[in-house]
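S.K.: Mind looking over this structure? Questions follow.
Each value in this text was obtained by applying a stated rule to the coordinates, not by laboratory testing. Since the structure is predicted, the reported quantities are computational estimates derived from the model, not experimental observations. For neighbour counting, all protein chains shown are included, and Cβ atoms are generated from backbone atoms with ideal geometry for every residue, glycine included.
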Amino acid sequence: MESILAAFQQALSLIIHCDSELLSIILLSFQVSGLALACSMAVGIPLGALVSLTVFPGRNVIIALLQTLMGLPPVVVGLFLYLLLSRSGPLGFMSLLYSPTAMVIAQAILSFPIVASLSHAAIVGVDPIIRQAATTLGATPLQVSVTIIKEARYGILSAIIAGFGRVMAEVGAVLMVGGNIAGYTRVMTTTIALETDKGNFELALALGIILLIIAMLVNLVLRAVQRQGRNV
Amino acid sequence: MNLNLTLDGITKRYGDHIILADCSYLFDSGKTYAMLGANGSGKSTLLRIAALLEPPDGGAVRYRNDAAPVEPDTSLRRRITLVLPKVGAFNMSVCNNVAYGLAIRNTPPAVIEARVGEMLELVQLADKRKRNALTLSSGETQRLGIARALVLTPEVLFLDEPTAFVDAASRRVIEQILMDFRRKADTTVVFSTHDHDFAEKVADHILQLSSGRLSEERP
């Protein structure tokens, strides 16, 4: 019990004194996850809007696929990405394995279905009267679509926040394709796993506390956004 | 050139149920028409078809004397508008709701501000211009819907049950607006209602929709 308390005290000390290693790991985590989220937003939101606002052959298949991929196991993504990026793999010539880029790709693959699916749900959840109201006011089909997407903005923001929550807490895939190289591909979750294995609980606990705070903040923002959308 | 609305043998059915059967009528430009009919008689459907929101199963909607049945293109849609019974207020300020139609027409901001201010005064919502439109009462929302349509100065204005579910104050505002339209006679107005007295008061013509057919009660 004493050793746990001591580890906690040291962890808090690392946080309070803004330990440089701790900060660099947090910074890299935000860089990787932020970039991954930006990629998944760039693809996921337009795709979510497309399957919500237009009808085309295969649309229902895409929706079903996106919903299925929301529960994609990270280690499976890690495995496939590893096979693709490993030296003998089809994309091995790009030398991306064990790089932050590979981690960004892995996290983007994991968060993109969440962003796309939840954006789709938000857009189809907009009252159909909005489409009619915009049309009666003279909006072109494109302007009608933009109006509907704007009406779904709180839901789309929730989708983005949910995607961010997923990538920040992810460990399996980034560990497999990032390699957990100190100062290069070591992010919060992979550091926690490694340091726990080594018995160095201070850094692991410090990062765990930071992750919990981030998770709490993400949830608070999510709740605030949802409340804003409901109450206006 | 003013738009002359003509309904030419409009039919509409939902499954086996015939809603509209050979509805024909020639509307005079600049006149105000009230359309009466029982619940489910097809008033809303006919207004939606006339406003080019949905196509008829048979017959045609014409907006020019000599023209073929119209295709619902945006340029024509922008000359007519329909205020829906459930207005469909956008999740934005009252002011931006009213400005919506002008903004999508790339109207200069100064013109938008002046026109929107004028309309909000007309429907007595000027003091609520900054409020989110979704927080308005049903009567205020109906007035917002009317302001949102009127700001576009449509040549043909359709209103689907504009006085349903509104309070006395909103009803008076709507009544005054419709009477002004009747007096100025520069816009064709067609509205549906259950209220015969209201129709008598504000309309030039009263139409009855019954058994899927449109007939005139009095000129």
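S.K.: Can you name every one of the helices (runs of 4 or more DSSP H) wholly within region A:52-153 that holds 3 or more residues which are more than 30 Å from residue B:134 (Cβ to Cβ)?
M.R.: Fully inside region A:52-153 and qualifying: A:59-69, A:74-85, A:100-124.
S.K.: State yes or no: is residue B:157 in a loop (DSSP other than H, G, I, E, B), within 14 Å of chain A (Cβ to nearest Cβ), at negative phi and not acidic (Asp, Glu)?
M.R.: no
S.K.: Still on this structure: Does any residue of region A:33-47 turn out to be among the hydroxyl-bearing types (Ser, Thr, Tyr), out of contact with any Pro (no Cβ under 7 Å at 6 or more places or on another chain) and over 15 Å from residue A:210 (Cβ atoms)?
M.R.: yes
S.K.: When you look at residue B:148, is it surrounded by fewer than 21 Cβ atoms within 10 Å (Cβ to Cβ), charged (D, E, K, R) and in contact (Cβ under 8 Å) with a residue 12 or more places away in the chain, yes or no?
M.R.: Judged against the criteria, residue B:148 is not a match.
S.K.: So, in region B:82-107, of the ones that are of a type in the set (Ser, Thr, Tyr) and within 11 Å of chain A (Cβ to nearest Cβ), which residue ends up surrounded by the most Cβ atoms within 10 Å (Cβ to Cβ)?
M.R.: Filtering first and then ranking leaves B:100.
S.K.: So, in region A:155-186, how many residues would count as being part of a loop (DSSP other than H, G, I, E, B) and closer than 24 Å to residue A:116 by Cβ?
M.R.: Looking only at region A:155-186, we keep the residues that are part of a loop (DSSP other than H, G, I, E, B), and these are A:169-171, A:179-186.
Now restrict to residues that are closer than 24 Å to residue A:116 by Cβ: A:169-171.
Within region A:155-186, residues that are part of a loop (DSSP other than H, G, I, E, B) and closer than 24 Å to residue A:116 by Cβ number 3.
S.K.: So if I check each of B:192, B:138, B:210, which one is away from chain A (no Cβ under 13 Å), polar (S, T, N, Q) and in contact with a helix residue (DSSP H, G or I) (Cβ under 7 Å, 6 or more places away or on another chain)? Please lay out each step first, then the result.
M.R.: Working: B:138 fails: in contact with a helix residue (DSSP H, G or I) (Cβ under 7 Å, 6 or more places away or on another chain); B:210 fails: in contact with a helix residue (DSSP H, G or I) (Cβ under 7 Å, 6 or more places away or on another chain).
Testing whether each residue is away from chain A (no Cβ under 13 Å), polar (S, T, N, Q) and in contact with a helix residue (DSSP H, G or I) (Cβ under 7 Å, 6 or more places away or on another chain) leaves just B:192.
Residue-by-condition table, conditions (1) within 24 Å of residue A:6 (Cβ to Cβ); (2) crowded, with 19+ Cβ neighbours inside 10 Å:
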residue: A:135; (1), (2): no, yes
residue: A:140; (1), (2): no, no
residue: A:161; (1), (2): no, yes
residue: A:213; (1), (2): yes, no
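S.K.: Could you say whether any residue in region B:24-32 is surrounded by fewer than 15 Cβ atoms within 10 Å (Cβ to Cβ), out of contact with any helix residue (DSSP H, G or I) (no Cβ under 7 Å at 6 or more places or on another chain) and without any contact (Cβ under 8 Å) to a residue 24 or more places away in the chain?
M.R.: Among the residues of region B:24-32, at least one is surrounded by fewer than 15 Cβ atoms within 10 Å (Cβ to Cβ), out of contact with any helix residue (DSSP H, G or I) (no Cβ under 7 Å at 6 or more places or on another chain) and without any contact (Cβ under 8 Å) to a residue 24 or more places away in the chain, which makes the answer yes.
S.K.: Could you check how many residues of region A:88-130 are under 30 Å from residue B:91 (Cα atoms), buried (at least 23 other Cβ atoms within 10 Å of the Cβ) and not hydrophobic (A, V, I, L, M, F, W, C)?
M.R.: 5
S.K.: Counting only residues that are surrounded by fewer than 18 Cβ atoms within 10 Å (Cβ to Cβ) and in contact with a strand residue (DSSP E or B) (Cβ under 9 Å, 6 or more places away or on another chain), which one in region B:108-135 is nearest to the other protein chains (Cβ to nearest Cβ)?
M.R.: Of everything passing the filter in region B:108-135, B:132 is nearest to the other protein chains (Cβ to nearest Cβ).
Conditions tested, residue by residue: (1) within 15 Å of the chain's Cα centre (by Cα); (2) not aliphatic (A, V, I, L, M).
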residue	(1), (2)
B:106	no, yes
B:109	no, yes
B:117	no, yes
B:134	no, no
B:155	yes, yes
B:160	yes, yes
B:164	yes, no
B:176	no, yes
